[in-house]
1. Report the semi-axes of the equivalent ellipsoid for segment 198-399 in whole Å, largest first, where each axis is √(5λ) for an eigenvalue λ of the Cα gyration tensor.
2. Give me the percent of Cα-Cα pairs in segment 11-72 that sit more than 20 Å apart, rounded to a whole number.
3. Rg to Rh for segment 179-299: what is it, with Cα atoms only and Rh by Kirkwood?
4. Given the pairs 106/223; 29/197; 39/350; 192/347; 197/310; 299/345, which are separated by over 32 angstrom at their Cα positions?
5. Report the paramagnetic label zone for residue 310: residues of segment 261-285 whose backbone N is under 19 Å from a point 7 Å from Cα along the Cα-to-Cβ axis.
6. Quick one: net charge around residue 103, please, counting Lys, Arg +1 and Asp, Glu -1 for every other residue with C-beta under 13 Å from its C-beta.
7. If contacts are Cα pairs under 8 angstrom and at least 6 residues apart, what is the relative contact order of the chain in percent?
8. Quote the convex hull volume per residue of segment 16-188, based on C-alpha atoms, as a whole number of Å³.
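Every number in this text was worked out from the coordinates using simple rules, so none of it is lab data. Not measured: the values here are computed from a predicted model. Ideal geometry is used to build each Cβ from the backbone, glycine not excepted, and the neighbour counts take in all protein chains shown.
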Amino acid sequence: MNDPAPVAETAPGLTRVVLGVTGGIAAYKVAELTRLLVKASVTVDVVMTDAATRFVTATTFQALSGRPVLTDLWQTGADNAMGHIGVSRGADAVLVAPASADFIAKLAHGHADDLLSTLCLARECSLLVAPAMNRQMWANAATQRNVAQLAADGVAILGPDTGELACNENGEGRMLEAPALLAALIASRQPKLLAGKRVLLTAGPTFEAIDPVRGITNASSGKMGFALAQAAAEAGGVVTVVAGPSAVATPSGVTRVDVTSTAQMADAVMVRIGACDVFIGVAAVADYTPAATHEQKLKKTPDALTLTLKPTVDILATVAARAKAPYCVGFAAESHDVERHGEEKRKRKKLPLLIANRAQDALGSDENEVTLLDDGGAHRLPRMGKLALARRLVAEIAQRLPRS
Ligand code: CTP
């Protein structure tokens, strides 16, 4: 079972968000989203439709956001009675969640008969919509037509998920969870530095089997690899992660290929590499694997046990040596002399860019402190959270990509 999606402590690019709540049982999840946004220092203006107030009270959102909740087109408190204009001005995004089938229909047709639909029309910022409804309502041709119209109008449609629905049925129509909505809001504000670029990453540890129940692995969590995958997807990249055993959740919009051993990781990379623009080797790949795997569980004896190990294939060096290699980025975890060992590794593997860090700083931690090594020398970055670092590294990689 995966960990829940990592919850951002900060929300880069977001200062003020308008949350539009329409009538649906999933409105309770937006209470959680409000809390997450406020925790990330984002000002939240909640606007509720009349139907929404039948599911969650305005008092709940007022308490969580610390601001008045707006429900009425005619009583928004604006001096010139132009509240529908004022509410969305200066906002970084408007997110309608849950978005009912009825509200989606209104949006698709440009209706403006309540505060929320009016401010959606009057807004200058991006609009995101998180549908939540019964599976038949979602599948209905009219809803699909309306959603397609919104997408064509540049509205971001978030989900819905498939799963258990409030009506006790199972299917597509479940609203995304609060952390996924927060991630989508943040992603909507990130510059599209990798627009259309195909990015392949490796992440996590590998596991080299000794027998059916034992193996050799390491303490890599996969957090840095998945943070980079998330940042690359936010930047508009088409992202695939080949991951060794890792409990980290797959960021939205990222394709995940699960593998166990180095050999499997190498195979999964090689079949995909031809179509790639960027390859980032973040995985802590085992350098050795048992020369022979025992088919049956090894039995304990009083004698010492000697395992013979053979070297594994170096995935990154193999990719970098290809005739039409993608832009290759390596990681190096060193216990000492980080820059010297890192630069040796970069030269040996023929990489344009290597990201070096102290192994004891990075493994399993939520933060990291790295040095970028390229032909121009060493560039140190300050210590920061892995997601913030990942966004910075994506910007660093994007500016180094050859112009096509
Ligand atoms: N790498 C790889 N395939 C391997 C080993 C490493 O793709 N079989 C990649 C890693 O994903 C990382 C970089 O190469 O990007 C790390 O290089 P490596 O020489 O393995 O570093 P260390 O494991 O730190 O090596 P050493 O033990 O020699 O310091």
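1. Details: eigenvalues 166, 70, 58 Å².
Listed largest to smallest, the semi-axes of segment 198-399 are 29, 19, 17 Å.
2. Values: 325 of 1891 pairs.
Of all Cα-Cα distances in segment 11-72, 17 percent exceed 20 Å.
3. Values: Rg = 16.2 Å, Rh = 15.2 Å.
Over the Cα atoms of segment 179-299, Rg/Rh equals 1.06.
4. Values: 106/223 41 Å; 29/197 34 Å; 39/350 43 Å; 192/347 30 Å; 197/310 36 Å; 299/345 39 Å.
Among 106/223; 29/197; 39/350; 192/347; 197/310; 299/345, the Cα-Cα distance tops 32 Å for 106/223; 29/197; 39/350; 197/310; 299/345.
5. Inside the label zone: 261-268.
6. Values: positive: 106; negative: 50, 102, 113, 114.
With Lys, Arg at +1 and Asp, Glu at -1, the neighbours total -3.
7. Contact order relative to length: 12 percent.
8. Details: hull volume 17.5 nm³, N = 173.
Spelled out: Cα convex hull of segment 16-188, divided by residues, is 101 Å³.
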